[in-house]
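The values are calculated or read from the model by the stated rules, or taken from the named source; none is laboratory data. Note that this is a predicted model, so its numbers are computed, not measured. Here the Cβ positions follow ideal geometry from the backbone for every residue, glycine too, while neighbour counts run over all protein chains shown.
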Amino acid sequence: MRRDYRAGSLVRTDLDPSPILQFAKWFDQAAKSGIREPNALTLSTVGLDGTPTARTLLMKDFDERGVTIYTNYTSRKAKELAANPKASLLFFWKELERQVQVRGSVEKVSKAESEAYFFSRPYNARIGAWASQQSDPIPDREWLTQRIAEFQERFPDTGEKDCVPLPDFWGGYVVAPVSVEFWQGQPGRNHDRFVYSRQDGSDEWTLERWSP
């Protein structure tokens with residue numbers, strides 16, 4: 001199963017002084033390459049028992065603040081972020097032989113921002129947010145099917161964006177980076193790794209090449 005990576009290389013002169021602009025460049029290339037769901041990422045948090053946990057989510061936005069994701073605020077990940085508001089995000093674009101890792105602090109976005117995104121979702125996704133008691137045990141699939149039917153009756157699809165209101169237990173988080181690593185696969189596992197880092201609260205980024 002071993003294979004060498006030969007899709008490209010990465011040198012310091014390729015990199016923008018801003019990791020946000022560099023990420024925008026790589027993300028645009030990933031999106032244009034035809035990769036399915038280039039906004040997929042692995043979110044890692046510290047479990048309440050101290051054990052790391054991870055799951056795959058979809059990035060919904062990124063800007064100078066950081067990367068924005070959305071979830072149920074009563075889910076396992078939300079409880080972990082409430083206890084320890086720090087996280088790691090990993091994007092892996094295997095077709096381009098690239099990874100980007102973002103590490104930083106996490107805070108909720110405003111209700112207005114969560115509402116704007118929630119109303120942009122398809123009707124069934126909005127109903128699903130109400131029906132799911134995310135991360136809680138359930139007796140069977142029928143339980144979930146019945147919950148969906150109950151909320152479809154409560155919030156019928158009128159075609160209006162706000163026919164399903166935003167639940168107060170659902171919304172977004174922004175991961176504000178303190179480090180961003182860009183990884184480009186290379187032959188012989190001698191990969192190119194560059195890491196941007198900054199102190200909390202600082203606008204200044206340092207850039208280092210790391211050993212593979």
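Please enumerate the residues belonging to the stretch 125-137 that are surrounded by fewer than 12 Cβ atoms within 10 Å (Cβ to Cβ) and modelled with pLDDT of 95 or more.
First pass over the stretch 125-137, keeping only residues surrounded by fewer than 12 Cβ atoms within 10 Å (Cβ to Cβ): 125, 136-137.
Ala125, the sole residue that qualifies.
Here is a list: Asp4, Asp28. Which entry is over 14 Å from the mean Cα position of the chain (by Cα), part of a loop (DSSP other than H, G, I, E, B) and among the charged types (D, E, K, R)?
Details: Asp28 fails: part of a loop (DSSP other than H, G, I, E, B).
Criteria check complete, one pass: Asp4.
Working only within the stretch 159-200, note down all residues that are among the β-branched types (Val, Ile, Thr) and either in contact with a Pro (Cβ under 6 Å, 6 or more places away or on another chain) or without any contact (Cβ under 8 Å) to a residue 12 or more places away in the chain (or both).
So the first thing to find is which residues in the stretch 159-200 are among the β-branched types (Val, Ile, Thr), and the list is 164, 174-175, 178, 180, 195.
Result: Val180, single match.
Condition check ((1) of a type in the set (Lys, Arg); (2) outside any strand (DSSP E or B)) across all residues:
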{"position": "Ile127", "(1), (2)": "no, yes"}
{"position": "Pro137", "(1), (2)": "no, yes"}
{"position": "Lys161", "(1), (2)": "yes, yes"}
{"position": "Val164", "(1), (2)": "no, yes"}
{"position": "Ser179", "(1), (2)": "no, no"}
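So which residues in the stretch 149-181 are closer than 30 Å to Gln99 by Cα and not polar (S, T, N, Q), if there are any at all?
Keep residues of the stretch 149-181 that are closer than 30 Å to Gln99 by Cα, which gives 170-181.
Once the filter is applied, which keeps residues that are closer than 30 Å to Gln99 by Cα and not polar (S, T, N, Q), the stretch 149-181 yields Trp170, Gly171, Gly172, Tyr173, Val174, Val175, Ala176, Pro177, Val178, Val180, Glu181.
Give all pairs with beta carbons closer than 6 Å in which a residue from the stretch 1-22 that is on the phi < 0 side of the Ramachandran plot meets a residue that is exposed (fewer than 11 other Cβ atoms within 10 Å of the Cβ) and outside any helix (DSSP H, G or I); count only pairs at least 6 apart in sequence or on separate chains.
Partner pairs satisfying both residue conditions: Ile20/Glu64.
Any chance the stretch 93-116 includes a residue that's modelled with pLDDT of 95 or more, over 25 Å from Ser179 (Cβ atoms) and among the hydrophobic types (A, V, I, L, M, F, W, C)?
Yes.
Mind checking which residues of the stretch 117-134 are more than 30 Å from Ser179 (Cα to Cα) and of a type in the set (A, V, I, L, M, F, W, C)?
Start the filter on the stretch 117-134 by keeping residues that are more than 30 Å from Ser179 (Cα to Cα), which leaves 119-133.
The answer is Phe119, Ala125, Ile127, Ala129, Trp130, Ala131.
State all residues of the stretch 84-120 that are free of Cβ contacts under 8 Å to residues at least 24 places away in the same chain, part of a helix (DSSP H, G or I) and small (Gly, Ala, Ser); if no residue qualifies, say none.
We begin by selecting, within the stretch 84-120, every residue free of Cβ contacts under 8 Å to residues at least 24 places away in the same chain; these are 85, 94, 110, 112, 116.
Now drop any that are not part of a helix (DSSP H, G or I), which leaves 94, 112, 116.
If the condition is that a residue be free of Cβ contacts under 8 Å to residues at least 24 places away in the same chain, part of a helix (DSSP H, G or I) and small (Gly, Ala, Ser), then Ala112, Ala116 are the ones that fit.
Just one of (1) of a type in the set (A, V, I, L, M, F, W, C); (2) under 23 Å from the mean Cα position of the chain (by Cα); (3) surrounded by 16 or more Cβ atoms within 10 Å (Cβ to Cβ) trips up Phe169, so point out which.
(3)
Among the candidates Tyr117, Tyr123, single out the residue that is of a type in the set (Ser, Thr, Tyr) and in contact with a Gly (Cβ under 8 Å, 6 or more places away or on another chain).
On the way: Tyr123 fails: in contact with a Gly (Cβ under 8 Å, 6 or more places away or on another chain).
Of Tyr117, Tyr123, the one residue that is of a type in the set (Ser, Thr, Tyr) and in contact with a Gly (Cβ under 8 Å, 6 or more places away or on another chain) is Tyr117.
Inspect all residues belonging to the stretch 177-199 and state whether any of them is in contact with a Gly (Cβ under 7 Å, 6 or more places away or on another chain) and either aliphatic (A, V, I, L, M) or loosely packed, with under 11 Cβ neighbours inside 10 Å (or both). Break it down stepwise before answering.
Let us first name the residues in the stretch 177-199 that are in contact with a Gly (Cβ under 7 Å, 6 or more places away or on another chain), namely 177-178, 184, 191.
Restricting the remaining residues to those that are either aliphatic (A, V, I, L, M) or loosely packed, with under 11 Cβ neighbours inside 10 Å (or both) gives 178.
Within the stretch 177-199, one or more residues are in contact with a Gly (Cβ under 7 Å, 6 or more places away or on another chain) and either aliphatic (A, V, I, L, M) or loosely packed, with under 11 Cβ neighbours inside 10 Å (or both).
Restricting attention to the stretch 7-57, which residues are polar (S, T, N, Q), within 30 Å of Glu80 (Cα to Cα) and surrounded by 13 or more Cβ atoms within 10 Å (Cβ to Cβ)? Give the steps one after another, and end with the answer.
To start, the set of residues in the stretch 7-57 that are polar (S, T, N, Q) comprises 9, 13, 18, 22, 29, 33, 39, 42, 44-45, 51, 53, 56.
Those still in the list that are within 30 Å of Glu80 (Cα to Cα) too: 18, 22, 39, 42, 44-45, 51, 53, 56.
Scanning the stretch 7-57 gives Ser18, Gln22, Asn39, Thr42, Ser44, Thr45, Thr53.
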